[in-house]
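Q: Can you keep this structure in mind? I'll have questions shortly.
The values are calculated or read from the model by the stated rules, or taken from the named source; none is laboratory data. These numbers were taken from a predicted model, which means no experiment stands behind them. In this analysis, Cβ positions are derived from the backbone assuming ideal geometry, glycine residues included, and neighbour counts consider all displayed protein chains.
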Amino acid sequence: MMKFFLVSFCFLSLFFISCKQNIEKQAIPSDLLSRDTLILVLVDIHLADAMVTTSNLKDNEKRDFSYSCYKAVFEKYNIKKGRFDNSLKYYSRDPKYLDVIYEDVLVEMSELEGKSMVNDVFKDAANTSK
């Protein structure tokens, strides 16, 4: 009898695991951000967080500055905070897929850093040629 329950449990487990769909293969609900848009928003959110964290503002000023930065990001992409939160919640259901999204966020941020370094070199060159 115990063997029957064990075999049944194994088959049911395999059935449920095989039925679980990967978010990557699902159609994303229209009220959520696309993967590509989410990546761009996350890049800007993390840049905003870095600006707030590295600022020399007092705590209450940082809170206001943070709110302003987030508001500017959401306005840039013409989205509401709730839509961003719901999208992040949706993609978080599949941690492996969210990891892939964050790998792309890191790639975007690295490219921005590289562009910034190139711009700094050109600014320095322009300043020294004066």
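Q: Where residues in the range 98-130 are acidic (Asp, Glu) and modelled with pLDDT under 90, which of them is farthest from residue 30 (Cα to Cα)? Write out each step before concluding.
A: Taking the range 98-130 and keeping what is acidic (Asp, Glu), we get 99, 103-104, 108, 111, 113, 120, 124.
Applying the additional criterion that residues be modelled with pLDDT under 90 yields 111, 113, 120, 124.
Values: 111: 29, 113: 32, 120: 40, 124: 46 Å.
Only one residue tops the list, namely 124.
Q: Could you give me the residue pairs with C-beta distances under 8 Å whose first residue belongs to the range 38-67 and is more than 21 Å from residue 116 (Cβ to Cβ) and touching a residue at least 12 places away in the same chain (Cβ under 8 Å), whose second residue is part of a helix (DSSP H, G or I) and of a type in the set (Asp, Glu) wherever it lies, and which are 6+ apart or on separate chains?
A: 66/49
Q: Next question. Hey, residue 95 hits all of (1) over 20 Å from residue 29 (Cα atoms); (2) modelled with pLDDT under 90; (3) surrounded by fewer than 11 Cβ atoms within 10 Å (Cβ to Cβ) but one; which does it fall short on?
A: Among (1) over 20 Å from residue 29 (Cα atoms); (2) modelled with pLDDT under 90; (3) surrounded by fewer than 11 Cβ atoms within 10 Å (Cβ to Cβ), the lone unmet condition for residue 95 is (1).
Q: If you check residue 84 against the conditions, is it surrounded by 11 or more Cβ atoms within 10 Å (Cβ to Cβ), under 15 Å from the mean Cα position of the chain (by Cα) and hydrophobic (A, V, I, L, M, F, W, C)?
A: Values: surrounded by 11 or more Cβ atoms within 10 Å (Cβ to Cβ): yes; under 15 Å from the mean Cα position of the chain (by Cα): yes; hydrophobic (A, V, I, L, M, F, W, C): yes.
So residue 84 passes the test.
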